[in-house]
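Below: one structure, written as C-alpha coordinates.
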Amino acid sequence: MTRALVIIDVQNDFTEGGALAVTGGAAVAAAISALLAAHPHSYDHIFASRDWHDAEGGNNGHFAVNDAPDFVDTWPVHCVAETTGAEYHPALLLPESAVHIRKGQGQPGYSIFDGIDDAGEKFGELLIAAGVTDVDLVGLATDYCVRASGLDALEHGQHVRVFTDLVAGVAADSSDQALAELAHAGAVLASSERIESA
Ligand code: VGL
(Lines give C-alpha, C1' and ligand atoms only; values in the text may rest on other atoms or scores of the structure.)
Protein backbone atom coordinates (compact mmCIF):
# COMPACT_ATOMS: atom_id res chain seq x y z
CA MET A 1 0.00 0.00 0.00
CA THR A 2 1.30 3.44 -0.92
CA ARG A 3 -0.62 6.20 0.74
CA ALA A 4 -1.15 9.80 -0.27
CA LEU A 5 -2.82 12.64 1.56
CA VAL A 6 -4.65 14.78 -0.96
CA ILE A 7 -5.52 18.24 0.29
CA ILE A 8 -8.09 20.06 -1.81
CA ASP A 9 -8.22 23.87 -2.19
CA VAL A 10 -7.46 25.09 1.34
CA GLN A 11 -7.17 28.62 0.02
CA ASN A 12 -7.92 32.09 1.33
CA ASP A 13 -10.92 32.60 -0.93
CA PHE A 14 -12.58 29.42 0.38
CA THR A 15 -12.06 30.34 4.02
CA GLU A 16 -13.68 32.90 6.26
CA GLY A 17 -13.24 36.40 4.82
CA GLY A 18 -12.61 35.07 1.31
CA ALA A 19 -14.57 35.66 -1.90
CA LEU A 20 -16.35 32.29 -1.65
CA ALA A 21 -16.03 31.58 2.04
CA VAL A 22 -16.87 28.14 3.35
CA THR A 23 -17.83 28.14 7.01
CA GLY A 24 -15.30 26.10 8.95
CA GLY A 25 -12.66 26.46 6.24
CA ALA A 26 -10.02 28.06 8.47
CA ALA A 27 -10.58 25.39 11.12
CA VAL A 28 -10.03 22.72 8.48
CA ALA A 29 -6.71 24.37 7.53
CA ALA A 30 -5.50 24.31 11.14
CA ALA A 31 -6.75 20.77 11.74
CA ILE A 32 -4.94 19.41 8.67
CA SER A 33 -1.72 21.03 9.90
CA ALA A 34 -2.23 19.51 13.35
CA LEU A 35 -2.78 16.07 11.80
CA LEU A 36 0.43 16.35 9.77
CA ALA A 37 2.38 17.54 12.80
CA ALA A 38 1.12 14.62 14.89
CA HIS A 39 1.68 12.05 12.13
CA PRO A 40 4.63 13.24 10.05
CA HIS A 41 5.38 9.78 8.65
CA SER A 42 1.92 8.47 7.85
CA TYR A 43 2.00 9.39 4.18
CA ASP A 44 4.34 8.42 1.38
CA HIS A 45 3.16 11.42 -0.64
CA ILE A 46 1.30 14.65 0.02
CA PHE A 47 -0.46 16.54 -2.74
CA ALA A 48 -2.17 19.90 -2.29
CA SER A 49 -4.33 21.59 -4.90
CA ARG A 50 -5.20 25.19 -5.54
CA ASP A 51 -7.96 26.54 -7.71
CA TRP A 52 -6.04 28.81 -10.08
CA HIS A 53 -8.48 30.66 -12.32
CA ASP A 54 -7.91 33.17 -15.08
CA ALA A 55 -8.83 36.75 -14.24
CA GLU A 56 -10.41 37.20 -17.66
CA GLY A 57 -13.09 35.29 -19.51
CA GLY A 58 -15.18 33.63 -16.81
CA ASN A 59 -13.27 30.34 -16.90
CA ASN A 60 -15.74 28.64 -19.25
CA GLY A 61 -18.89 29.63 -17.40
CA HIS A 62 -17.51 29.14 -13.88
CA PHE A 63 -17.56 32.80 -12.86
CA ALA A 64 -20.89 34.62 -12.94
CA VAL A 65 -20.06 37.39 -15.38
CA ASN A 66 -23.37 39.05 -16.22
CA ASP A 67 -25.83 37.49 -13.76
CA ALA A 68 -25.71 36.91 -10.04
CA PRO A 69 -23.95 33.66 -9.12
CA ASP A 70 -26.25 30.70 -8.36
CA PHE A 71 -23.67 29.06 -6.04
CA VAL A 72 -24.21 25.74 -7.81
CA ASP A 73 -22.84 26.20 -11.32
CA THR A 74 -21.77 29.82 -11.27
CA TRP A 75 -19.71 31.54 -8.62
CA PRO A 76 -18.37 34.89 -7.59
CA VAL A 77 -14.88 35.63 -8.85
CA HIS A 78 -12.51 33.58 -6.68
CA CYS A 79 -9.02 32.11 -6.63
CA VAL A 80 -7.64 34.18 -9.47
CA ALA A 81 -4.08 33.06 -10.24
CA GLU A 82 -1.35 34.99 -8.41
CA THR A 83 -3.77 36.76 -6.05
CA THR A 84 -3.90 36.52 -2.25
CA GLY A 85 -7.26 34.78 -2.51
CA ALA A 86 -5.65 31.93 -4.41
CA GLU A 87 -2.91 31.37 -1.85
CA TYR A 88 -3.12 28.57 0.68
CA HIS A 89 -4.69 29.60 3.97
CA PRO A 90 -1.85 30.66 6.29
CA ALA A 91 -2.82 28.00 8.85
CA LEU A 92 -2.13 25.24 6.31
CA LEU A 93 1.46 24.18 6.97
CA LEU A 94 2.75 21.88 4.29
CA PRO A 95 5.99 19.91 4.33
CA GLU A 96 8.70 20.72 1.79
CA SER A 97 7.96 17.46 0.04
CA ALA A 98 4.36 18.38 -0.77
CA VAL A 99 3.53 18.42 -4.46
CA HIS A 100 1.54 21.47 -5.53
CA ILE A 101 -1.22 21.07 -8.08
CA ARG A 102 -2.96 23.95 -9.83
CA LYS A 103 -6.25 23.61 -11.63
CA GLY A 104 -9.04 25.63 -13.21
CA GLN A 105 -7.15 27.87 -15.61
CA GLY A 106 -9.84 28.82 -18.11
CA GLN A 107 -12.15 26.06 -16.86
CA PRO A 108 -14.21 25.15 -13.77
CA GLY A 109 -11.63 22.54 -12.75
CA TYR A 110 -13.48 21.09 -9.79
CA SER A 111 -11.42 17.92 -9.70
CA ILE A 112 -7.73 17.75 -8.77
CA PHE A 113 -7.50 15.34 -11.73
CA ASP A 114 -7.97 18.42 -13.93
CA GLY A 115 -4.79 19.84 -12.41
CA ILE A 116 -1.07 19.82 -13.13
CA ASP A 117 2.08 20.24 -11.08
CA ASP A 118 4.65 22.99 -11.58
CA ALA A 119 6.28 20.97 -14.35
CA GLY A 120 2.98 20.53 -16.19
CA GLU A 121 2.50 16.86 -15.25
CA LYS A 122 -1.10 15.77 -14.78
CA PHE A 123 -2.15 14.78 -11.28
CA GLY A 124 -3.41 11.36 -12.42
CA GLU A 125 -0.03 10.61 -14.03
CA LEU A 126 1.79 11.71 -10.89
CA LEU A 127 -0.29 9.33 -8.77
CA ILE A 128 0.52 6.44 -11.07
CA ALA A 129 4.21 7.35 -11.24
CA ALA A 130 4.34 7.44 -7.44
CA GLY A 131 2.60 4.06 -7.22
CA VAL A 132 -0.14 5.48 -5.02
CA THR A 133 -2.86 2.98 -4.17
CA ASP A 134 -4.63 4.70 -1.27
CA VAL A 135 -5.79 8.27 -1.05
CA ASP A 136 -6.98 10.12 2.04
CA LEU A 137 -8.96 13.15 0.98
CA VAL A 138 -9.41 16.37 2.97
CA GLY A 139 -10.13 20.03 2.25
CA LEU A 140 -12.66 22.33 0.63
CA ALA A 141 -15.34 22.28 -0.46
CA THR A 142 -17.02 18.99 0.39
CA ASP A 143 -19.86 19.45 -2.08
CA TYR A 144 -17.79 20.57 -5.08
CA CYS A 145 -14.05 20.03 -5.36
CA VAL A 146 -13.72 17.32 -2.69
CA ARG A 147 -16.67 15.50 -4.24
CA ALA A 148 -15.35 15.71 -7.80
CA SER A 149 -11.81 14.77 -6.76
CA GLY A 150 -12.99 11.79 -4.72
CA LEU A 151 -15.21 10.43 -7.48
CA ASP A 152 -12.36 10.76 -9.97
CA ALA A 153 -9.92 9.05 -7.58
CA LEU A 154 -12.31 6.11 -7.26
CA GLU A 155 -12.63 5.96 -11.04
CA HIS A 156 -8.85 5.87 -11.25
CA GLY A 157 -8.88 2.76 -9.07
CA GLN A 158 -7.72 4.35 -5.83
CA HIS A 159 -8.86 3.22 -2.41
CA VAL A 160 -10.33 6.45 -1.10
CA ARG A 161 -11.04 7.58 2.42
CA VAL A 162 -12.63 10.94 3.14
CA PHE A 163 -11.78 12.35 6.56
CA THR A 164 -15.13 13.88 7.40
CA ASP A 165 -13.73 15.99 10.24
CA LEU A 166 -11.30 17.64 7.80
CA VAL A 167 -13.70 18.82 5.11
CA ALA A 168 -16.16 21.71 5.00
CA GLY A 169 -18.80 22.49 2.41
CA VAL A 170 -20.65 25.34 0.76
CA ALA A 171 -24.07 24.10 1.94
CA ALA A 172 -25.13 21.43 4.44
CA ASP A 173 -27.57 19.55 2.20
CA SER A 174 -25.28 19.30 -0.80
CA SER A 175 -22.37 18.35 1.46
CA ASP A 176 -24.35 15.50 3.02
CA GLN A 177 -25.39 14.42 -0.45
CA ALA A 178 -21.80 14.55 -1.72
CA LEU A 179 -20.56 12.37 1.14
CA ALA A 180 -23.37 9.88 0.52
CA GLU A 181 -22.48 9.82 -3.17
CA LEU A 182 -18.81 9.25 -2.41
CA ALA A 183 -19.65 6.42 -0.01
CA HIS A 184 -21.97 4.87 -2.57
CA ALA A 185 -19.21 5.00 -5.17
CA GLY A 186 -16.87 3.18 -2.81
CA ALA A 187 -15.16 5.74 -0.58
CA VAL A 188 -14.77 5.09 3.12
CA LEU A 189 -16.02 7.95 5.28
CA ALA A 190 -13.88 8.09 8.41
CA SER A 191 -12.60 10.34 11.14
CA SER A 192 -8.96 11.38 10.80
CA GLU A 193 -8.46 9.60 14.12
CA ARG A 194 -8.31 6.50 11.97
CA ILE A 195 -5.24 7.77 10.13
CA GLU A 196 -3.01 4.92 11.23
CA SER A 197 -5.51 2.17 10.44
CA ALA A 198 -5.40 0.38 7.14
C1 VGL B 1 -15.07 25.08 -5.33
C2 VGL B 1 -17.02 26.15 -5.78
C3 VGL B 1 -16.45 26.80 -6.84
C4 VGL B 1 -14.33 24.12 -4.46
C5 VGL B 1 -14.48 25.69 -6.40
O6 VGL B 1 -13.10 24.25 -4.30
O7 VGL B 1 -14.99 23.21 -3.92
N8 VGL B 1 -16.34 25.31 -5.04
N9 VGL B 1 -15.18 26.55 -7.14
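The values are calculated or read from the model by the stated rules, or taken from the named source; none is laboratory data. The structure displayed is predicted, hence computed values, not measured ones. Cβ atoms come from the backbone with ideal geometry, glycine included; neighbour counts cover every protein chain shown. SASA here: full protein model, heavy atoms, side chains in, ligands and nucleic acids out. Shrake-Rupley method; radii C 1.70, N 1.55, O 1.52, S 1.80 Å.
Between the listed residues VAL132, VAL6, PRO40, the Cα displaced farthest toward the positive end of the dipole of the chain, a dipole computed from Cβ unit charges relative to the Cα centre, is found at PRO40.
List the relative contact order of the chain as a percent without decimals, with contacts defined as Cα pairs under 8 Å and 6+ residues apart. Rounded, it is 25 percent for the chain.
Would you work out what percent of the accessible area of the chain, with all protein chains in place, is carbon or sulfur (probe 1.4 Å)? Its accessible area is 51 percent carbon and sulfur atoms.
Taking a span of 15 Å or more along the helix axis (Cα atoms) and a mean Kyte-Doolittle hydropathy of at least -1.0 as the rule, the DSSP H helices of the chain that qualify are 25-38, 172-185. In whole angstrom, segment 8-52 maps to an equivalent ellipsoid with semi-axes of 23, 13, 5, each derived as √(5λ) from the alpha carbon gyration tensor and ordered largest first. About its Cα centre, the dipole of the chain is roughly 380 debye, where the only charges are +1 on Lys and Arg Cβ and -1 on Asp and Glu Cβ.
Extending 7 Å from the Cα toward the beta-carbon at both ALA119 and ALA34 defines two label points whose distance is 3.6 nm. The residues of the chain have, on average, 45 Å² of accessible surface per residue, using a 1.4 Å probe with all protein chains present. Mean residue ellipticity at 222 nm, helices only, the chain: -6500 deg cm²/dmol; runs of at least 4 DSSP H residues each add -39,500 (n - 2.57), and the sum is divided by the number of residues.
The alpha-carbon atoms of the chain, seen along their principal axes, cover 49, 37, 31 angstrom, with the largest extent given first. Semi-axes of the equivalent ellipsoid of segment 113-152 are 19, 13, 8 Å, computed as sqrt(5λ) over the eigenvalues of the C-alpha gyration tensor in descending order. Between ASP44 and GLN177, the modelled label-to-label distance comes to 3.7 nm, taking each label 7 Å out from Cα in the direction of the beta carbon. Gyration tensor analysis over the Cα atoms of segment 77-173 returns equivalent ellipsoid semi-axes of 20, 18, 14 Å (largest first, whole Å).
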